[in-house]
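Notes to accompany the following structure.
The values are calculated or read from the model by the stated rules, or taken from the named source; none is laboratory data. Remember, predicted model here, so these are calculated numbers, not experimental data. FYI the Cβ positions are ideal-geometry reconstructions off the backbone, even for glycines, and counts take in every protein chain you see.
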Amino acid sequence: MTRTKKTALLVSALAIVLCAAVIVGATYALFTDGEEYAIGVNTGKIDVSGTLTLKSAWSEAQTTGVRDEETISGDSVTVAQGGTVTIAEGNTLTFDKMSLGDGAKVKLTFANSSSINMKYRVTLSVKNEGSPSDFLKNNLTVKVGNGEAQTAFGADSDTFVIVNWTSVTASSAIDEVTFEVALPWSALEASEALSDAQSISLVVKMEAVQNNAYTD
């Protein structure tokens, strides 16, 4: 083999090695160079709280629909038919010895000191401690704001959504929400088999997550 051919082969081999090095180096740089970004994560803090206030409680007449409302002077009140409505532990609404036509109106006010954009929701759930009344669970209605009263629970659900996921910017005010819980006279037929007064406890739960978090 002549010197010229040997030199050409050596140059070709060196070119192949250099090309391979460039390719490897480029691939390596793709994974290591540049800035790193955390997907779906924001820095900051969520700081939101709610306060429940018992606004009114009543016993409603069957024929006229007139409400005999009681004056509220704390977290507990007894209505005309003898049942008691109480807010306890800051988030538990208890109806003791509830009768047809009884109900209560509750206001939830918010404080938002979150330093990031977030979203929240509010739910009302049957408290599972003790033996909650199936009759009340199946017949209670909830009316949110000026909306229509809806049957809250049932055989397949222990939770009612008062406010679905709602976005709020950092440190901004959140609109207060009012809702009514009542036992309507439409449950009269179902109540005829009952032999004693009915009681139930409901828990108001507020959840808050950063605004870009997944929620179902």
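A few remarks follow.
- Those strands (runs of 3 or more DSSP E) of the stretch 122-216 in which 2 or more residues are more than 20 Å from Val79 (Cβ to Cβ) and either in the same structural domain as Leu93 (by TED's automatic domain parsing) or in contact (Cβ under 8 Å) with a residue 40 or more places away in the chain (or both) occupy 159-168, 198-210.
- Taken together, Thr63, Thr86, Thr78, Thr92 contain a single residue that is over 26 Å from Ile162 (Cβ atoms) and modelled with pLDDT of 90 or more, which is Thr63.
- One residue stands out among those in the stretch 192-216 that are among the hydroxyl-bearing types (Ser, Thr, Tyr) and touching a Ser or Thr at 6+ places or on another chain (Cβ under 9 Å): the one that is surrounded by the fewest Cβ atoms within 10 Å (Cβ to Cβ), which is Ser199.
- Residues of the stretch 146-177 that are within 17 Å of the chain's Cα centre (by Cα), of a type in the set (Gly, Ala, Ser) and surrounded by fewer than 12 Cβ atoms within 10 Å (Cβ to Cβ): Ser167 alone.
- The numbered conditions (1) part of a loop (DSSP other than H, G, I, E, B); (2) at pLDDT below 95; (3) closer than 19 Å to Ser199 by Cβ are all true for Tyr37 except (3).
- Selected residue (criterion: nearest to Val106 (Cα to Cα)) from residues of the stretch 59-80 that are of a type in the set (Ser, Thr, Tyr) and surrounded by fewer than 17 Cβ atoms within 10 Å (Cβ to Cβ): Ser76
- Of the residues making up the stretch 160-182, not a single one is under 22 Å from Val126 (Cβ atoms) and in contact with a helix residue (DSSP H, G or I) (Cβ under 8 Å, 6 or more places away or on another chain).
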